[in-house]
1. For region 7-42, enumerate the residues that are in contact with a His (Cβ under 9 Å, 6 or more places away or on another chain) and of a type in the set (D, E, K, R).
2. Can you list the helices (runs of 4 or more DSSP H) lying wholly within region 36-93 that have 2 or more residues being of a type in the set (K, R)?
3. Are any residues in region 20-35 in a loop (DSSP other than H, G, I, E, B), surrounded by 13 or more Cβ atoms within 10 Å (Cβ to Cβ) and without any contact (Cβ under 8 Å) to a residue 12 or more places away in the chain, and if so, which ones?
4. Restricting to region 65-79, what's the tally of residues that are open to solvent by less than 70 Å² (accessible area, probe 1.4 Å) and over 15 Å from N13 (Cβ atoms)?
5. Where the second residue is open to solvent by 60 Å² or more (accessible area, probe 1.4 Å) and the first is free of Cβ contacts under 8 Å to residues at least 40 places away in the same chain and lies in region 65-93, which pairs have Cβ atoms under 7 Å and are six or more apart or on separate chains?
6. Could you please find all residues in region 1-55 being of a type in the set (K, R) and within 14 Å of V71 (Cα to Cα)?
Amino acid sequence: MKNIFLATWLAMNGFTFCLYGVDKRRAKRGAWRIPEKTLLLLAALGGGAGAWLAMELFRHKTQHRSFRICVPLFTLIWIVVIGGLYLYFNVIR
């Protein structure tokens, strides 16, 4: 169970990281963009760390207040969730 959850979380972060990169490339080319709501939703669903890393590496969405606040917040929430699950499955139980 814990390995599946961790693998899913890592895959979600990788997917989110890639989509932020795709959106940045499309922004430079003036092409159709991925909606901001979609990017924030992916961060909220577990891709916050990937989103945050992509924001820093690609310098993408760093000027948007909603991204500067929400992405780190979502990352912190998921770190607490994963830490709690780790404690539950490995220490408490």
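1. D23, K24, E36
2. By residue number, 65-87.
3. R33
4. 3
5. V71/W52; P72/W52; T75/W52
6. Passing the criteria: only K37.
The rows are residues; the columns are (1) surrounded by 15 or more Cβ atoms within 10 Å (Cβ to Cβ); (2) modelled with pLDDT under 95.
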site	(1), (2)
L6	no, yes
W9	yes, yes
M12	yes, no
T16	yes, no
K37	no, no
A54	yes, no
H60	yes, yes
V81	no, yes
G84	no, yes
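The values are calculated or read from the model by the stated rules, or taken from the named source; none is laboratory data. Every value quoted in this text rests on a predicted model; they were computed, and no experiment measured them. Note that we place each Cβ from the backbone using ideal geometry, even for glycine, and neighbour counts take in every protein chain shown. Surface areas here come from the heavy atoms of the whole protein model, side chains and all, with no ligands, DNA or RNA. Shrake-Rupley method; radii C 1.70, N 1.55, O 1.52, S 1.80 Å.
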